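Structure first, commentary second.
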Amino acid sequence: EKESRSASTVPADLISLMEYHSLKQKYDQKAQILSTVIHDLKSPLASIRGYTEVIIHGLSGPVTPDMKKQLETVVANTQRLARMVDSLLEYEEYDRSSYVAKRETIDLITVLEEAKMSVLPQMIHRGQKILYFVPESVELVANQELIIRAIQNILDNAIKYTPLERGEIELYVEEKRIDRQPVLIITIKD
């Protein structure tokens, strides 16, 4: 009787091992799905960008200056989406504990303009404008795509909660020193 009881009980570490294998299998499935999605997104983005550039260069017919500017926004946003897809790849690396955010010296004005261009259609549609209060030249060392994404998300929220027609969004950049370290403070007021 004692032997049959011990034979029917499963040791706790075997249960833990079984749970580990189940979780690992789910993780591997998630990684495979993400890899497929990343691959499937890259092709249409490249196609959108390619055809848009063909149109911009007038190879499909005449392009007005306004059309060219709008198409350049499409190209910029397509490039941005491509970088986001690349960020998913980086996330996968991060998820495997080998991720190191790419940091580079970037110009904040360029970053702000790129973030603004991605939300510009919404601003135009809602009759809003954005005012910058930024020093002439500000460089920082950061991951450009992550900074653009953060500012774009905050601008997107500001657009949603700013009154229609004549609504203004103000963006302030202030350089400070905290514990003798240079710090940038970005404030968005809607």
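The values are calculated or read from the model by the stated rules, or taken from the named source; none is laboratory data. All of these numbers come straight from a predicted model, not from anything done at the bench. In this analysis, Cβ positions are derived from the backbone assuming ideal geometry, glycine residues included, and neighbour counts consider all displayed protein chains. These accessible areas exclude ligands, DNA and RNA; they are computed on the full protein's heavy atoms, side chains included. Shrake-Rupley method; radii C 1.70, N 1.55, O 1.52, S 1.80 Å.
Here is how the numbers come out for the structure above:
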| read-out | value |
| --- | --- |
| Scan of segment 147-171 for residues that are of a type outside the set (Lys, Arg), in a helix (DSSP H, G or I), open to solvent by less than 80 Å² (accessible area, probe 1.4 Å) and under 29 Å from Pro182 (Cα atoms), ordered by number | Ile147, Ile148, Ala150, Ile151, Gln152, Leu155, Asp156, Asn157, Ala158 |
| Options Asp179, Asp190, Asp156; residue that is without any contact (Cβ under 8 Å) to a residue 24 or more places away in the chain and among the acidic types (Asp, Glu) | Asp179 |
| Extreme residue, least open to solvent (accessible area, probe 1.4 Å), among residues of segment 34-59 that are without any contact (Cβ under 8 Å) to a residue 12 or more places away in the chain and either in contact with a Lys or Arg (Cβ under 7 Å, 6 or more places away or on another chain) or outside any helix (DSSP H, G or I) (or both) | Gly58 |
| Unmet requirement for Thr187, which otherwise passes all of (1) at pLDDT below 90; (2) over 23 Å from Ala101 (Cβ atoms); (3) part of a strand (DSSP E or B) | (1) |
| Candidates Thr105, Thr64, Thr73, Thr78 - the one that is at pLDDT 80 or above and touching an Asp or Glu at 6+ places or on another chain (Cβ under 9 Å) | Thr105 |
| Yes/no for Val173 being over 30 Å from Gly58 (Cα atoms), touching a residue at least 60 places away in the same chain (Cβ under 8 Å) and aliphatic (A, V, I, L, M) | yes |
| Of the criteria (1) touching a Leu at 6+ places or on another chain (Cβ under 9 Å); (2) surrounded by 13 or more Cβ atoms within 10 Å (Cβ to Cβ); (3) at pLDDT 85 or above; (4) not hydroxyl-bearing (Ser, Thr, Tyr), which one Gly127 fails | (2) |
